[in-house]
1. Scanning for something under 23 Å from Leu138 (Cα atoms) and in contact (Cβ under 8 Å) with a residue 40 or more places away in the chain, does segment 302-317 turn up at least one residue?
2. Among (1) over 26 Å from Ile150 (Cβ atoms); (2) surrounded by fewer than 20 Cβ atoms within 10 Å (Cβ to Cβ), which single condition is Leu82 missing?
3. Out of all the residues in segment 129-145, which are surrounded by 24 or more Cβ atoms within 10 Å (Cβ to Cβ), more than 16 Å from ligand 2 (Cβ to nearest atom) and assigned to a helix (DSSP H, G or I)?
4. Before we move on, is Val265 of a type outside the set (S, T, N, Q) and either within 12 Å of ligand 1 (Cβ to nearest atom) or over 26 Å from Thr32 (Cβ atoms) (or both)?
5. Regarding Pro92, is this residue surrounded by fewer than 18 Cβ atoms within 10 Å (Cβ to Cβ), over 23 Å from the mean Cα position of the chain (by Cα) and either more than 15 Å from ligand 1 (Cβ to nearest atom) or in contact (Cβ under 8 Å) with a residue 12 or more places away in the chain (or both)?
6. For the list (1) within 13 Å of ligand 1 (Cβ to nearest atom); (2) crowded, with 23+ Cβ neighbours inside 10 Å, I need the number of the one condition that Lys58 fails.
7. Those residues that are surrounded by 19 or more Cβ atoms within 10 Å (Cβ to Cβ) and more than 15 Å from the chain's Cα centre (by Cα), I need them from segment 158-175; list them, please.
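The values are calculated or read from the model by the stated rules, or taken from the named source; none is laboratory data. Fair warning: this is a prediction, and the values are worked out from it, not measured in the lab. Please note: Cβ atoms are built from the backbone with ideal geometry, for glycine as well, and neighbour counts cover all protein chains shown.
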Amino acid sequence: MKSYISLWPEKAQLPDFPRAISILGATGSIGTSALKVIRKHPELFTVTALAGGHNGTKLAELCTEFRPQFAAVLTNQARTDLMANLPTDYTPEILVGPEAYVELARLDTVDLVLSSIVGAAGFEPTLAAAKAGKMIGLANKESLVLGGHIIRETCQKSGAIILPVDSEHNALFQGLMGHIEHSEKALSRLILTASGGPFRGKDTEFLSTVTRKQALAHPNWSMGAKISIDSATLMNKGLELIEACHLYGMPPSKVDVVVHAQSIVHSLVEYTDGSQLAHLGTPDMQIPIAHCLCFPDRVTVDVPQLNLAHVGTLTFEEPDATAFPCLQLARDAYAASPSHPIVLNAANEVAVAAFLDETIRFLDIPAIIESALERHSTVDVTTSDAVLSLDQQVRREALSTL
Ligand code: NDP
Ligand code: MG
């Protein structure tokens, strides 16, 4: 199969249907959307493992319905909640703690891993799935931000295949497919669209007083809390820019961002002859998730078909780099060295958690990230241990500055 994605091995082998799936982050927004797709097409999947984090009660509901052989949670409290809510006629094998996700990512009986944990916690399980040569539906963009260089090498060795769940990267994947067979040189630019988040068009003065509730109110997408704040600061687009560079082997100078408030055009691929191929669709994550989990087949999903006459107007504008500095911070971090994106991500996770706890203000988020990047001098991050150790160090330092 042609490798449209730089991380794909030379000879990618997709598993047959039904595909045995392990869902990491099953209780989250992406996990919930994936299970809607699976519920609609049960003949295409065997749900072998479901992993949640803290929400044992919700995981129990999902396990009761899908009956996976394995379940995982992060804490003993979540295990207690999970066990208390399971039916008496069903006993899954329950794993607890961070290493549980690594186990469920590399199970022999699993073909397909949906990596949809939020944050840097997704890196080790994604890497484990890559080492085990799985087909991976990748929602956890932070994995590539931390160690895209390590994951690329691992996929080449193991034969693991990454399918991009992130809607923009899925759109790019579809815009590349069938168009670069003859010459990869025909590709000139990738253009990521950004909704602009809830504060599109607002200035720094306005942003200085915005609340957690305002920041969480995304106009187009329903998502987990962390990515919603990342969308409000535009850091989400910064992380996505790095994700696109890793996935498609493009330099950051050839990845642009355009703000598109309606979230109908999910991204564009530009070719040297001036053609731009756009991917359009109703903004619902079931669409890219179904594309990845069933690739190369296409299946129906319970999302209204896009009606452009009802949408009426599509608008595009440049991002505002003054009010939303996070995008440029990410671009600069990727250009600086492989260790800078790790610093960017760790400082961002600490800052976003503090903003969600209402202990810092919205504009403190870019300030905390910028100061972490200023303190950093490039270090070697060619191993996963080095990546994780830098991640922990930056978190400790960023926390001490709050
Ligand atoms: P959510 O916050 O909704 O869900 C996160 C999931 O991860 C939950 O199942 C949660 O469990 C689990 N989890 C949280 N922390 C840990 C941990 N330390 N170890 C193991 N599991 C953990 O996030 P989203 O679904 O919105 O996002 C997931 C990923 O997908 C992110 O990387 C995001 O950037 C990416 N993404 C999301 C999109 C979206 O539309 N939501 C779009 C594109 C990408 P519990 O709730 O039980 O604690
Ligand atoms: Mg996205």
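1. Scanning segment 302-317, I find at least one residue that is under 23 Å from Leu138 (Cα atoms) and in contact (Cβ under 8 Å) with a residue 40 or more places away in the chain, so the answer is yes.
2. (2)
3. Ala129, Ala130
4. It is false that Val265 is of a type outside the set (S, T, N, Q) and either within 12 Å of ligand 1 (Cβ to nearest atom) or over 26 Å from Thr32 (Cβ atoms) (or both).
5. Judged against the criteria, Pro92 is not a match.
6. Going through (1) within 13 Å of ligand 1 (Cβ to nearest atom); (2) crowded, with 23+ Cβ neighbours inside 10 Å one by one, Lys58 breaks only (2).
7. Ala160, Ile161, Gln174, Gly175
To keep it simple, each residue is scored yes or no on (1) within 15 Å of ligand 1 (Cβ to nearest atom); (2) surrounded by fewer than 21 Cβ atoms within 10 Å (Cβ to Cβ); (3) in the same structural domain as Arg152 (by TED's automatic domain parsing).
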residue: Ser188; (1), (2), (3): no, yes, no
residue: Ile191; (1), (2), (3): no, no, no
residue: Gly224; (1), (2), (3): yes, yes, no
residue: Ser228; (1), (2), (3): yes, no, no
residue: Met235; (1), (2), (3): yes, no, no
residue: Glu240; (1), (2), (3): yes, no, no
residue: Ser253; (1), (2), (3): no, yes, no
residue: His260; (1), (2), (3): no, no, no
